[in-house]
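Step one of this worksheet: look at the structure below.
The values are calculated or read from the model by the stated rules, or taken from the named source; none is laboratory data. Please read all numbers here as calculations on a predicted model, not as lab measurements. FYI the Cβ positions are ideal-geometry reconstructions off the backbone, even for glycines, and counts take in every protein chain you see. Side chains included, ligands, DNA and RNA excluded: accessible areas come from the protein's heavy atoms. Shrake-Rupley method; radii C 1.70, N 1.55, O 1.52, S 1.80 Å.
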Amino acid sequence: MNRLPKDFLWGGAVAAHQIEGAYRSGGKGLSTADVMTAGDVDTKRKITAGIKEGEYYPNHEASNFYHRYKEDIQLLKELGLKAFRTSINWARIFPKGDEQEPNEEGLQFYDDLFDELLKQGIEPVITLSHFEIPYHLHTEYGGFKNRKLIDFFVHYAQTVMTRYKNKVKYWMTFNEINNQMDSFDELHTWTNSAVRFGEEDNKEEVTIQASVNELIASAKAVKIGKEINPDFQIGCMMAYVPVYPLSAHPHDQLAAVKMMERRFFYSDVHVRGELPAYALARWKKQGYKIVYTEEDLNALKQGTVDYIGFSYYMSHAVTTLPDVGGEAVRDYPGAKDTANPYLTANDWGWQIDPTGLRYTLNIVYQRYNKPLFIVENGMGAYDKIDSDGKICDDYRVDYLKAHIKAMTLAVNEDGVDLMGYTPWGVIDIVSFGSGEMEKRYGFVYVDKDNQGKGSLKRIRKESFGWYQQVIKQNGLGDE
Ligand code: BG6
């Protein structure tokens, strides 16, 4: 019962801007990730207006995968991966984002990368926009609040889907598209939509508009993709952080339902092809004027996804109880996002909850009855090299083992249709949230610190052998 189906896609995941580096090579334009400085657990990353001298931008070199991918893919092969999730950096293909003609050098890079993966028997799983767009689309158009970006994105999607139609079967449109609805701080709206807010803007309203534009762009890309190759499997990508009611109080129950709408809004549109009633009601109540046409609504209907890719790291809890502390949330009167007393957390305060993964697989599968794909999961941690050169990351093994156990139960006991599992940051990469190199997820250590110093040498961690074994036996075995 600890085994997964025979064709299960065991893999690993990364994203272009967090691993590739070479931010100006091969004709690449600046991307929105290239203007984000490093932060740490207590310091937010800054987003600067262009590249500023004297600032450190960790994504510029990242793990230098652009120049080392062959060596890295050898390691992935040794690990036994059947699938490797990465993204295409839009600014390599269209350096400014609004050109008609793509940059051939950028296209060739991904041709070579996908060829190398396929040669080693590893299936590429490709996200079209993983937290970055060409920087020019921000400065010139204001990001995704501008509906011109729908056409730019669709042109980009069509270009790469045509080029790689015989190399890539599994696609996803926008990474963690729902993150922007969690808070309208710079980081979240920036990474999803690169929106430039005006002084008068209501940030929630503008973020919803950007989201609707992205959902339309995604649906159009899905439709075109299926025309290019009917065998494509094209999914959405959600961050499913489940929200539990802290107590059985009816207000806590309803607060959790309302908070979950922030996530479900996106997958409801992606999967069902229409704007959900709860969203329309909320926009009306708030007086938001979200712009879309009949043709857009049609496009949403025609571009529903084949599967739901999602990341899972942690769960949240919400309460309305007056004697419990927490950060106020806008979803329900008196509701606060609060710590769950039954869980522990990692060094960045992310609450660890393997059962929450099974819970998520259940609620999402029951809601949509579509195949699911866990395309990110893992635990960020500070790893140390011992005096004998080993990296004993047993905490990582414990985390992953518990989550694999939970997902196995969801498949074998709850009947969930799960396509695969690609744990995050399989090789160490730059953290999206903090910009740290030392917030590590990987099975392969990359010798580089938060200041950008190090040889970039790759070292197998103890977890490498463990995951290799899991893949070999197609599950946890009898543990
Ligand atoms: C997801 C993103 O939010 O979580 C990744 O899709 C990100 O890009 C990952 O790296 C982990 O977050 P962080 O902040 O620890 O890098």
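Just a few scattered comments:
- Cβ crowding within 10 Å averaged over residues, with 318-331, 150-163, 370-383 ranked highest first: 370-383, 150-163, 318-331
- FRET efficiency for the pair ASN412 and LYS119, taken as 1/(1 + (r/R0)^6) with r the Cβ-Cβ distance and R0 = 22 Å, rounds to 0.10.
- Projected label distance in nm at ASN362 and LYS285, using a 7 Å step from Cα toward the beta-carbon: 2.8
- Computed lengthening from GLU104 to HIS67, 0.36 nm per intervening residue step minus Cα-Cα distance: 11.6 nm
- Binning the alpha carbon pair distances of region 241-318 at 10 angstrom intervals from zero yields the distribution 16, 38, 33, 12, 1, expressed in whole percent.
- Summarising the label geometry, the points placed 7 Å from Cα in the beta-carbon direction at ALA277 and ASN369 lie 1.9 nm from one another.
- Shown in residue order for region 250-257 are the 3J(HN,Hα) couplings computed by the Karplus curve 6.51 cos²θ - 1.76 cosθ + 1.60 at θ = phi - 60°: x, 5, 5, 4, 5, 4, 5, 4 Hz (x for Gly and Pro).
- Phi to ³J(HN,Hα) by Karplus 6.51 cos²θ - 1.76 cosθ + 1.60 over region 424-432, Hz, x for Gly, Pro: 6, x, 3, 10, 4, 9, 6, 5, 5
- Highest mean first, the peptides 52-65, 27-40 sorted by other C-beta atoms within 10 Å per residue fall in the order 27-40, 52-65.
- Computed from the alpha carbon atoms alone, the convex hull of region 117-233 holds 104 Å³ per residue.
- Charge dipole (debye, nearest 20) of the chain; +1 at Cβ of Lys and Arg, -1 at Cβ of Asp and Glu: 760
- Inter-label distance, nm, simple model (7 Å from Cα along the C-beta direction), ARG330/THR43: 3.0
- Each peptide among 245-251, 300-306 gets the average number of other Cβ atoms lying within 10 Å of its residues, and from highest to lowest they stand as 300-306, 245-251.
- Under-5 Å amide H pairs with GLY420, H placed in peptide plane, nonlocal only: LEU9, ILE374
- Treating r as the C-beta distance of GLU78 and ASN202 and R0 as 45 Å, the FRET efficiency rounds to 0.30.
- Given a 1.4 Å probe and the protein chains as shown, GLU205 ends up with an accessible area of around 50 Å².
- Region 350-448: trypsin sites (Lys or Arg not before Pro) in DSSP coil with no more than 13 other Cβ atoms inside 10 Å: LYS384, LYS390
- For region 199-283, the Kirkwood hydrodynamic radius comes to 15.0 Å, computed from all pairs of different C-alpha atoms.
- Label zone at THR162 (point 7 Å along Cα-to-Cβ), backbone N below 19 Å, region 100-117: 100-112
- Pairwise Cα distances in region 9-472 exceed 33 Å in 32 percent of cases.
- Sulfur and carbon atoms: percent of accessible area, region 9-472 [1.4 Å]: 49
- Candidate lysines for bridging to LYS145, where Cα separation is under 20 Å - those fewer than 8 sequence places away on the same chain excluded: LYS96, LYS203, LYS220, LYS284, LYS289
- Normalised Debye scattering of region 57-196 at q = 0.11, 0.15, 0.18, 0.21 Å⁻¹ gives log10 I(q)/I(0) of -0.44, -0.80, -1.10, -1.35, counting only Cα atoms as equal scatterers and leaving out solvent.
- In the context of the full set of protein chains, region 345-479 has a per residue accessible area of 37 Å² (1.4 Å probe).
- With θ taken as phi - 60° and the Karplus curve 6.51 cos²θ - 1.76 cosθ + 1.60 applied, the whole-hertz 3J(HN,Hα) list for region 96-112 is 9, x, 10, 6, 7, 9, x, 8, 4, 4, x, 4, 5, 4, 6, 4, 5 Hz, x standing for glycine and proline.
- Over all distinct Cα-Cα pairs of region 296-423, the Kirkwood formula returns a hydrodynamic radius of 17.2 Å.
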